[in-house]
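The values are calculated or read from the model by the stated rules, or taken from the named source; none is laboratory data. Being a predicted model, the structure only gives us computed values, none of them experimental. Here the Cβ positions follow ideal geometry from the backbone for every residue, glycine too, while neighbour counts run over all protein chains shown.
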Amino acid sequence: MNTDELVAHARSRFEHAVARRTLKEKYQAKLTFGWNGGMFKATPEMITFLSLYGDERIVILDLYETPIEVNAKELCELMKPRLQEQMNAWLVEHEELSKNR
């Protein structure tokens with residue numbers, strides 16, 4: 001490889017890494033939502049945690065570390081489809097990005 005090819009290869013790798021980071025930030029932001037006076041992020045860990053409590057009312061900290069009383073089942077049922085919808089969309093865009101690489 002000559003110098004120009006090396007530079008072009010390095011530039012394309014850098015641009016791909018930046019595009020992946022941007023894609024991650026985009027979908028991580030879409031997982032955040034307001035509910036019941038608090039801000040929450042739909043994550044597999046939070047869904048698992050909420051599932052442990054069933055239909056109980058519990059107090060959890062939101063993203064701003066404010067204690068919020070919630071119905072665990074209701075919040076869990078809001079998070080599940082949001083997480084799956086965003087993960088599916090992220091996968092589609094990620095695969096498209098990989099094809100263009």
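Counting just the residues of the stretch 3-26 that are within 20 Å of residue 81 (Cα to Cα) and surrounded by 11 or more Cβ atoms within 10 Å (Cβ to Cβ), which one comes out modelled with the lowest pLDDT?
23
If a residue must be part of a helix (DSSP H, G or I), touching a residue at least 60 places away in the same chain (Cβ under 8 Å) and not aliphatic (A, V, I, L, M), how many such residues does the stretch 62-101 contain?
Number satisfying all stated conditions: 3.
Would you check if residue 49 is free of Cβ contacts under 8 Å to residues at least 24 places away in the same chain, aromatic (Phe, Trp, Tyr) and either in a helix (DSSP H, G or I) or touching a helix residue (DSSP H, G or I) at 6+ places or on another chain (Cβ under 7 Å) (or both)?
Yes: the conditions hold for residue 49.
Output the residue which, of all residues in the stretch 78-101 that are surrounded by 13 or more Cβ atoms within 10 Å (Cβ to Cβ) and over 14 Å from the mean Cα position of the chain (by Cα), is modelled with the highest pLDDT.
It comes out as 78.
Take the stretch 27-46 and flag every residue that is free of Cβ contacts under 8 Å to residues at least 24 places away in the same chain and surrounded by 13 or more Cβ atoms within 10 Å (Cβ to Cβ).
The answer is 28, 41.
For the stretch 22-40, indicate whether the set of residues that are part of a loop (DSSP other than H, G, I, E, B) and not polar (S, T, N, Q) is non-empty.
Checking the stretch 22-40: at least one residue is part of a loop (DSSP other than H, G, I, E, B) and not polar (S, T, N, Q).
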